Amino acid sequence: MKKPAAHKSVPTVAGAPFAGGYYVGRFFVGTQAYALVVAPTSDESDVSGAWNKNTRKVSGALNYNDGAANTEAMAKAGSAIAKAFRALTIGGHNDWYLPSRMEALLLSGEREHLEGDATIEDDWYWTSTQCALTAAYAWVQYFYYGDQYYGHKVDFYRARAVRRVKI
């Protein structure tokens with residue numbers, strides 16, 4: 001997995017241009033703080049598709065707050081969306097991934113500040129977090145009401161690329 005470089009100057013307002021996309025907010029993976037960055041919509045970072053073509057369990061894709069690790073596991077298991085996001089280079093950065101459940105909640109909470117090329121539509125979007133109850137499902141985020149639910153992995157939902165910057 002690609003490791004994000006540390007960044008000293010982080011915006012304090014969601015929607016500010018930052019690190020190849022738009023700043024969303026801060027979160028932690030373990031004790032490490034990160035800034036979440038959503039990719040601009042103009043760079044093939046908002047797509048639709050299945051989470052995976054099959055419903056088998058994907059080892060390593062159960063992280064609640066580590067979308068990068070989940071996406072890496074998804075790509076190894078053959079997920080077209082995960083592979084597409086891992087192949088993106090936007091703003092000189094090539095560490096884009098599908099957000100985890102927690103990262104999607106952060107996006108949902110700051111959504112009103114994400115305008116223009118950072119806008120997230122009123123729709124269901126995949127997260128990279130597989131449902132722990134049954135391998136046939138993964139979590140989706142509804143950006144109109146802020147709800148999360150689980151969707152069948154072979155169903156089509158939207159997906160939006162994010163990256164994280166170590167702070």
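Per-structure values
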read-out: Set Gly15, Gly49, Gly30: member being more than 29 Å from Val154 (Cβ to Cβ) and either surrounded by 15 or more Cβ atoms within 10 Å (Cβ to Cβ) or touching a Ser or Thr at 6+ places or on another chain (Cβ under 6 Å) (or both); value: Gly15
read-out: Residue list for the stretch 101-119, filter: surrounded by fewer than 21 Cβ atoms within 10 Å (Cβ to Cβ), aliphatic (A, V, I, L, M) and closer than 14 Å to Ala161 by Cβ; value: Leu114
read-out: Residue that is nearest to Ser79 (Cα to Cα) [pool: residues in the stretch 142-166 that are in contact (Cβ under 8 Å) with a residue 60 or more places away in the chain, out of contact with any Phe, Trp or Tyr (no Cβ under 6 Å at 6 or more places or on another chain) and not in a strand (DSSP E or B)]; value: Val154
read-out: Criterion (at pLDDT below 95 and not in a loop (DSSP other than H, G, I, E, B)) met by exactly one of Asp117, Asp122; value: Asp117
read-out: Filtered residue count, the stretch 36-82, keeping only those that are over 25 Å from Glu110 (Cα atoms) and small (Gly, Ala, Ser); value: 9
read-out: Contacts under 6 angstrom Cβ, first residue in the stretch 36-59 being under 18 Å from Thr129 (Cβ atoms), partner crowded, with 19+ Cβ neighbours inside 10 Å and among the acidic types (Asp, Glu), 6 or more apart; value: Leu36/Glu103
read-out: Of all residues in the stretch 55-86 being more than 14 Å from the chain's Cα centre (by Cα), surrounded by fewer than 22 Cβ atoms within 10 Å (Cβ to Cβ) and among the hydrophobic types (A, V, I, L, M, F, W, C), the one that is farthest from Tyr144 (Cα to Cα); value: Ala77
read-out: Looking only at the stretch 1-46, and only at residues there that are aliphatic (A, V, I, L, M) and modelled with pLDDT under 90, the one that is nearest to Thr127 (Cα to Cα); value: Val29
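The values are calculated or read from the model by the stated rules, or taken from the named source; none is laboratory data. In this text the structure is predicted, and so the values were computed from the model without any measurement. Ideal geometry is used to build each Cβ from the backbone, glycine not excepted, and the neighbour counts take in all protein chains shown.
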